[in-house]
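For reference, the structure discussed in these notes is given below.
Readers should treat all values here as calculations from the given coordinates under stated rules, not as data from a laboratory. Worth saying up front: this structure is predicted, and the values here are computed from it rather than measured.
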Amino acid sequence: MKIAVLPGDGIGPEIVAEAVKVLKALELPFEMETAAVGGSAFDAHGHPLPEATLALAKAADAVLFGAVGDWKYDKLERQFRPEQAILGLRKQLGLFANFRPAICYEQLTHASSLKPELVAGLDILIIRELTGDIYFGQPRGRRTAIDGHFPGSEEAFDTMRYSRPEIERIAHVAFQAARKRNRKLTSVDKANVLETFQFWKDVVTEVHAQYPDVQLEHLYVDNAAMQLVRAPKAFDVVVTGNLFGDILSDEAALLTGSIGMLPSACLDKNGKGLYEPSHGSAPDIAGKGVANPLATILSAAMMLRYTLNQPEAADRIESAVKAVLGAGLRTGDIWSEGTTKVGTRAMGDAVVAAITGKTTITKT
Ligand code: IPM
Ligand code: MG
């Protein structure tokens with residue numbers, strides 16, 4: 001088995017190094033190969049997703065991804081910006097199903113900005129469609145308006161679109177995921193205003209006929225955003241389009257205390273996947289050794305479970321993370337009075353120690 005390791009920009013290399021350390025500690029027979037991606041790849045090779053990186057990602061069984069992006073690339077033409085690397089990988093590898101679990105760990109109930117009783121025990125799964133919608137819809141661009149409120153003026157436009165097969169396949173993924181959990185699925189749309197999302201709602205409702213054992217509800221995205229902070233535990237599995245999923249998954253992340261805790265999986269139709277933390281490259285704290293590596297470490301666990309067929313190894317990582325939190329170790333983003341603040345490396349070392357029982361916990 002081969003894992004492509006793409007650390008990327010900002011805190012990417014620091015957090016990925018910890019996840020790699022944890023994977024190595026499992027002593028399983030897989031090979032890892034690293035390649036450049038994002039702004040750092042643009043600097044070194046003139047493109048955020050160099051040919052060689054794409055080829056490696058395609059050839060590997062799974063991809064472990066850090067994060068991309070830095071303000072210093074904001075002025076570049078869009079095709080050269082770091083974000084194009086992750087969008088390109090999603091598209092080229094056909095990674096249409098994005099799993100973003102939001103789990104509130106018992107020890108972190110007080111790290112959430114919501115009242116502890118609202119988030120204690122929270123365990124929801126956001127399934128975001130990842131290769132369609134306004135993110136990829138053509139046409140898009142800038143032009144001179146020929147109609148609208150200001151004909152003759154400069155305007156920009158994007159296209160929101162979804163085809164029936166795109167909605168059907170993500171709906172199947174979501175219903176099947178709901179079957180493995182509490183059999184409750186919330187489909188989020190904006191059918192009251194958008195044609196694309198009336199169609200989404202209709203198709204999801206049709207697919208539901210094949211899953212009568214799953215309870216389906218529909219929510220408009222504005223209401224879903226509100227319900228997520230009003231009563232998050234009322235949700236189980238949420239399925240939505242690319243744009244709404246981008247926004248709602250960040251919101252859900254914060255319910256758990258810190259986006260620094262949240263892993264994610266992007267899967268293709270055969271279960272091959274790219275695994276990345278739900279957070280970004282955080283250039284403001286890059287290189288300081290303070291970033292939380294747990295989202296990336298937990299992404300590696302998801303990789304073992306969903307793509308590499310090593311559920312026991314995934315359990316070992318997840319239990320180790322719980323043990324480390326139980327021992328009171330915290331990076332800055334989840335630190336609170338009475339716990340021990342540690343840096344990125346010490347957190348990774350502690351997870352390794354909990355897995356192997358060999359090394360001692362270092363404090364920094
Ligand atoms: C995410 C990110 C990306 C997205 C960016 C970096 C392109 O926000 O994975 O949620 O918008 O999908
Ligand atoms: Mg996002």
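Can you give the % of DSSP beta bridges in the chain that are antiparallel, to the nearest 5? Please list the in-between numbers first.
Numbers: 19 of 47 bridges.
Antiparallel bridges: around 40 percent, rounded to the nearest 5.
Roughly how large, in nm² to one decimal, is the mean projection of the convex hull of the alpha-carbon atoms in region 272-340? Intermediate results must be reported in sequence, preceding the final value.
Values: hull surface 21.4 nm².
Averaged projected area of region 272-340's Cα convex hull equals 5.3 nm².
Measuring nothing but how far apart in sequence close Cα pairs (under 8 Å, 6+ apart) lie, relative to its length, region 204-356 scores a relative contact order of 17 percent.
Amide H contacts of LEU64: ALA4, VAL5, LEU6, TYR275, each under 5 Å away and 5 or more positions distant or on a separate chain (H built 1.01 Å from N in the peptide plane; Pro and chain starts excluded).
Residues whose amide H falls under 5 Å from that of VAL37, counting only those 5 or more places apart or on a different chain, are GLY8, with hydrogens built in the peptide plane.
I need to check one value: relative contact order of the chain, counting alpha carbon pairs closer than 8 Å and at least 6 residues apart, in percent.
Working: 788 pairs, mean separation 77.3, N = 364.
For the chain, the relative contact order is 21 percent.
Converting phi to 3J(HN,Hα) with the Karplus coefficients 6.51, -1.76 and 1.60 and the offset θ = phi - 60°, region 259-267 yields 5, x, 9, 9, x, 8, 10, 10, 10 Hz in sequence order, with x at every glycine or proline. Over region 63-114, the reciprocal of the mean inverse Cα-Cα separation, the Kirkwood hydrodynamic radius, stands at 14.1 Å. How far, in degrees from 0 to 90, does helix 164-179 lean away from the longest principal axis of the Cα atoms of the chain, to the nearest 10? The helix 164-179 is inclined about 40 degrees to the chain.
Between VAL239, VAL342, VAL351, the Gaussian network model of the chain with springs among Cα atoms under 10 angstrom shows the greatest mean-square fluctuation at VAL342. Across region 332-340, rounded Karplus estimates of 3J(HN,Hα) from the backbone phi angles (6.51 cos²θ - 1.76 cosθ + 1.60, θ = phi - 60°) give x, 5, 10, 5, 8, 3, x, 10, 9 Hz, Gly and Pro being marked x.
Take every Cα pair under 8 Å in region 115-179 that's 6+ residues apart, average their separations, divide by the length, and report that relative contact order as a whole percent. If you can, show how the numbers build up before the last one.
Numbers: 48 pairs, mean separation 19.0, N = 65.
Normalised by residue count, the contact order of region 115-179 is 29 percent.
Helical runs assigned H by DSSP (4 residues or longer) give the chain a calculated mean residue ellipticity at 222 nm of -12000 deg cm²/dmol, each run adding -39500 (n - 2.57) before division by the residue total. Pick from GLY132, GLY38, GLY287 the residue whose mean-square fluctuation is largest in a GNM of the chain, springs joining Cα atoms under 10 Å. Among GLY132, GLY38, GLY287, the largest mean-square fluctuation in the Gaussian network model of the chain belongs to GLY287. Annotation: Cα Rg of the chain relative to the compact-globule expectation 2.2 N^0.38 Å equals 1.00.
Here the Gaussian network model covers the chain, with springs between Cα atoms less than 10 Å apart; of GLU106, GLU206, GLU318, GLU206 fluctuates the most.
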